[in-house]
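Trainee: Pasting a structure below so you can have a look.
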Amino acid sequence: QMFFGCSSLLSIDLPNFNTQNVISMIGMFNGCSSLKSLDLSKFNTQNVNNMYCMFCGCESLKSLNLSNFNTQNVTNMYCMFLNCKLLNSLDLSNFNSQNVTNMNWMFNGCDSLKKTKIIAKDKKIIKLFETQRVYIFNKKY
């Protein structure tokens, strides 16, 4: 919960942030409601097992680079992108949900994301996104 609740945080530069030994990223950017873009392409996530609510409430986030995320050991992605209302694209091509047991509400409230497609290879994530996307459409209309 390193940046949890930093609602005034507009930007952050983390290219040399060492995450090699991190096992939990629970709520890491939760509530960073003013953050507009985030590049986490240099994050080493090979040992992370929990990404619960990692970006919850990042309502102003439009750009998020997770292109090198290694999620092979993650078991929890519950609410990972909940209410990222302005996020309009997402590259999850390196995501591996093989060990994930909870992906509930992962894309819920991603109002701009539903108008586009995510880039993903993982069939479990694609199916989940499509299911939640339909759910969001049905709920609003």
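Trainee: Count, please, the residues in the range 20-29 that happen to be open to solvent by 20 Å² or more (accessible area, probe 1.4 Å) and within 13 Å of Met77 (Cα to Cα).
Mentor: 2
Trainee: Go through (1) touching a strand residue (DSSP E or B) at 6+ places or on another chain (Cβ under 7 Å); (2) over 28 Å from Asn21 (Cα atoms) one by one and return the number of the condition Asn76 breaks.
Mentor: Just one mismatch for Asn76, condition (2).
Trainee: Could I ask something else about it? Is at least one residue of the range 47-63 of a type in the set (Ser, Thr, Tyr), in a loop (DSSP other than H, G, I, E, B), at pLDDT 95 or above and out of contact with any Asp or Glu (no Cβ under 9 Å at 6 or more places or on another chain)?
Mentor: yes
Trainee: If you don't mind, another one. State yes or no: is Leu90 closer than 19 Å to Glu59 by Cβ and either polar (S, T, N, Q) or modelled with pLDDT of 90 or more (or both)?
Mentor: Answer is no for this residue.
Trainee: Asn18: over 13 Å from the mean Cα position of the chain (by Cα) and closer than 21 Å to Phe107 by Cα, yes or no?
Mentor: So Asn18 does not fit the description; no.
Trainee: State yes or no: is Lys85 closer than 16 Å to Gln132 by Cα, open to solvent by 60 Å² or more (accessible area, probe 1.4 Å) and basic (Lys, Arg)?
Mentor: So Lys85 passes the test.
Trainee: Which condition does Asn96 not pass, out of (1) open to solvent by less than 60 Å² (accessible area, probe 1.4 Å); (2) in a loop (DSSP other than H, G, I, E, B); (3) at pLDDT below 85, if it passes all the others?
Mentor: (3) is the only condition that Asn96 fails.
Trainee: Looking only at the range 99-111, which residues are in a loop (DSSP other than H, G, I, E, B) and either more than 17 Å from Glu130 (Cβ to Cβ) or open to solvent by less than 30 Å² (accessible area, probe 1.4 Å) (or both)?
Mentor: Those that are in a loop (DSSP other than H, G, I, E, B) and either more than 17 Å from Glu130 (Cβ to Cβ) or open to solvent by less than 30 Å² (accessible area, probe 1.4 Å) (or both): Asn99, Val100, Thr101, Met103, Met106, Phe107, Asn108, Gly109, Cys110.
Trainee: Answer with yes or no whether Ile136 is farther than 14 Å from Phe55 by Cα, modelled with pLDDT under 90, open to solvent by less than 50 Å² (accessible area, probe 1.4 Å) and out of contact with any strand residue (DSSP E or B) (no Cβ under 7 Å at 6 or more places or on another chain).
Mentor: yes
Trainee: In contact with a Lys or Arg (Cβ under 9 Å, 6 or more places away or on another chain) and either open to solvent by 30 Å² or more (accessible area, probe 1.4 Å) or at pLDDT below 95 (or both): does that describe Ser41?
Mentor: no
Trainee: List, please: which pairs have Cβ atoms under 8 Å, are six or more places apart or on different chains, and start with a residue in the range 62-76 that is among the small types (Gly, Ala, Ser) and end with one that is outside any strand (DSSP E or B) and surrounded by fewer than 17 Cβ atoms within 10 Å (Cβ to Cβ)?
Mentor: Ser63/Lys36; Ser63/Ser89; Ser67/Ser41; Ser67/Ser93
Trainee: Mind listing whichever residues of the range 46-75 are polar (S, T, N, Q) and crowded, with 21+ Cβ neighbours inside 10 Å?
Mentor: Thr71
The values are calculated or read from the model by the stated rules, or taken from the named source; none is laboratory data. Please read all numbers here as calculations on a predicted model, not as lab measurements. Quick reminder, even Gly has a Cβ in these numbers, built from the backbone with ideal geometry, and neighbours come from all protein chains shown. Only protein heavy atoms, including side chains, enter the accessible area calculation; ligands, DNA and RNA are left aside. Shrake-Rupley method; radii C 1.70, N 1.55, O 1.52, S 1.80 Å.
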